[in-house]
1. Between residues in segment 30-45 that are touching a residue at least 12 places away in the same chain (Cβ under 8 Å) and residues that are among the acidic types (Asp, Glu), which pairs lie under 8 Å by C-beta distance while being six or more apart or on different chains?
2. Quick one: is residue 44 closer than 30 Å to residue 2 by Cα and in contact with a helix residue (DSSP H, G or I) (Cβ under 6 Å, 6 or more places away or on another chain)?
3. Based on this model, can you work out whether residue 21 counts as outside any loop (DSSP other than H, G, I, E, B), more than 16 Å from the chain's Cα centre (by Cα) and charged (D, E, K, R)?
4. Out of all the residues in segment 55-86, which are part of a helix (DSSP H, G or I), small (Gly, Ala, Ser) and modelled with pLDDT under 85?
5. If I go through segment 4-18 residue by residue, how many of them are assigned to a loop (DSSP other than H, G, I, E, B) and either within 29 Å of residue 49 (Cα to Cα) or touching a helix residue (DSSP H, G or I) at 6+ places or on another chain (Cβ under 8 Å) (or both)?
6. Going residue by residue through segment 35-54, is there one that turns out to be among the aliphatic types (A, V, I, L, M), at pLDDT below 90 and in a helix (DSSP H, G or I)?
Amino acid sequence: MLIARVNRKGQVTIPADVRRELGINPGDDLIFEVTSERSIQLRVVKRRRLSDLYGALPATRPFPGKEEVRQAVGRELGKARRKEGS
């Protein structure tokens, strides 16, 4: 059995053995559920990186290149500003 102490701010350091066993890494979220027996059930929610989503959606057209995308964004922003000014 491992023991951790709660500090004045209500923070607890999770023992390294527990972090390893549960696969808890920096940036992960923890969900605490209080049971009817006044104990805690802990669940780890892994945070995904944006790069993990690369290729998740099929490409519907070829990528035109950064410069073309920047110009298109500029045109759309210009249109939006002109509408605000009218």
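The values are calculated or read from the model by the stated rules, or taken from the named source; none is laboratory data. Just so it is clear, the structure is predicted and the values come from calculations on it, not from any experiment. Positions of Cβ are backbone-derived with ideal geometry, glycine not excepted, and every protein chain shown enters the neighbour counts.
1. Filtered contacts from segment 30-45: 42/33; 43/33; 44/28; 44/29; 45/28; 45/29.
2. Spelling it out, residue 44 is indeed closer than 30 Å to residue 2 by Cα and in contact with a helix residue (DSSP H, G or I) (Cβ under 6 Å, 6 or more places away or on another chain).
3. Values: outside any loop (DSSP other than H, G, I, E, B): yes; more than 16 Å from the chain's Cα centre (by Cα): yes; charged (D, E, K, R): yes.
The answer is yes for residue 21.
4. 85
5. 5
6. Here is the first cut: in segment 35-54, the residues among the aliphatic types (A, V, I, L, M) are 40, 42, 44-45, 50, 53.
The next check asks that each one be at pLDDT below 90; those that pass are 50, 53.
If we keep only those that are in a helix (DSSP H, G or I) too, we end up with 50, 53.
The answer is yes, given that some residue of segment 35-54 is among the aliphatic types (A, V, I, L, M), at pLDDT below 90 and in a helix (DSSP H, G or I).
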